[in-house]
Amino acid sequence: MATHHPSGPDGAPPEHDDGLTPSLAPSSTQSIDESFKERARQILAHSQTVTAGSVHLIGLDEIRNELGDRWGSVNERVHVYTERMLKKVLSPRDVWFRYGENHYIIVFAQADRKSAQLTCSKVMESLHQALLGHADTRRITVKTAVVDVGGGVALDTARLADLLKDAVHKREAPAAPSPPADGAIPATIPTAEARHPHWTEMPADTITPQSRPKVLFRPVFDVKHKVVSTYCCRTDADTSRTLNLMDAFDPEREEAVFDLDMETLSLAVSTYNELYANKFRYAQTIPVHFGTLASSRRRREYIQACRMIPRVLMPFLAFELDGLPAGVPYGRLAEIVAMLRPFARAAMVILHEDAGDLSVYATAGVKGVGLRLDGREDEPRILERVQTFCPGPRKFGMFAYVDGVRNPVELEAAEAAGAAYLSGPIIGEDSEVPEHMKRCTERQLLQRSRRRRHDTPWG
């Protein structure tokens, strides 16, 4: 049984008899509601710092029902995913633990009842979206222990759809502060003081472009077949800038990159899962940093998440290794490629510098190597880099691709040097959702690019 007790609600480590430890599990003769009420009564009676309305129950029953026969083989991975999300979303002063087979009890230290209910419901919405590819807000519920008139414990069941409707009405009230100009995320998440800040869960009234990663889909041009049918996941410029400003050796940066890799994987798979259900097919490249796979803890969590990828999507996916150090041993790289191979059609490497251990990459099973151009360099230097790089991967039986192609001269140079795939502003802008396959010639790409403005640096 999993528990999470980083600290008690008063900031001190919880005592063994504080009423928060998961000493009572549902019995076979009790319904989960009755068992939860009894457990909540104990928590409220034994802890002076826990108030009514701060004890909540969420369950995985809907997910279990939709997964059907698959549940038996994936349920522990679902729990790993759930527990990781709870660690990210909740404050270090909150307490949560697994309760029974498919439920979790969450005890909030500060959040008011409505905010706590909304936080729990949003966790469930994220789980449904990531694991099932959709989230029905009418079916996502959270149960809250409240004290009734007679002093006993009753349950209040709230639906996410109703909570979101109430939150919208509050935002539309005249006294409410206006939403942020970009409207990126509704201000429906409780304040940061009550939660652990998380890139994708930060409240809109405190969020800044630098505090939230945004994953976009970048179109890729297939030079041989003259078609845009592949999309690679890329972070937006603000996210890239934030990471670049952090010290390369700062442990917090490593965790930030790991979180970004996990969010990218989750968004990429959930987006494709939804589009696949609508008969939409395309190839998709998912970046993952070497640091994520080099750490045993991070690698374990990342591979656990990969195991949730539906089998029908795997033939359309490829992993792109980023941040591969110079001189990486063959055995280390071969191990990483072997770990990723069951979940995708290929593994590739993206380089920021021209030099790479191409023979090692090829022997380890890498299928393609890409070069990411830096738009701040002058054009002669960029052309030189492209012309020098592209023949190398082909020499070792891999394909070459170039990321960051900005103008007709660079496009022509990359094609002449033997690049198989091209991406960048001249191919198409990053978007929040992949588009349908487009057949087009280089001339048509140039015509489209002239209709688009590029006022900001392309990240």
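The values are calculated or read from the model by the stated rules, or taken from the named source; none is laboratory data. In this text the structure is predicted, and so the values were computed from the model without any measurement. In this analysis, Cβ positions are derived from the backbone assuming ideal geometry, glycine residues included, and neighbour counts consider all displayed protein chains. All accessible areas refer to the heavy atoms of the entire protein, side chains included, with ligands and DNA or RNA removed. Shrake-Rupley method; radii C 1.70, N 1.55, O 1.52, S 1.80 Å.
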Area of THR264 that stays accessible when all protein chains are in place (1.4 Å probe, Å², to 10): 10 Å²
PHE389 - accessible surface, heavy atoms, 1.4 Å probe, Å² rounded to 10: 10 Å²
Out-of-range pairs (alpha-carbon distance over 23 Å; input LYS279/LYS367; LYS37/LYS114; LYS279/LYS438; LYS37/LYS88; LYS114/LYS214): LYS279/LYS367; LYS37/LYS88; LYS114/LYS214
Note, ³J(HN,Hα) from phi for region 333-349, Karplus 6.51, -1.76, 1.60, rounded to Hz, x at Gly and Pro: 5, 4, 5, 5, 4, 5, 5, 7, 4, x, 10, 7, 7, 6, 10, 10, 10
Qualifying GluC sites (Glu not before Pro) for region 273-366 [loop in DSSP, other Cβ within 10 Å: at most 12]: GLU353
Cα shape, region 215-455, gyration tensor, a/c 1.5 rule: rounded
Inter-site label distance for LEU243 and THR441 at 7 Å from Cα along Cβ, in nm: 3.8 nm
Amide proton proximity set for PHE399, modelled H, under 5 Å, gap of 5+: GLY368, VAL369
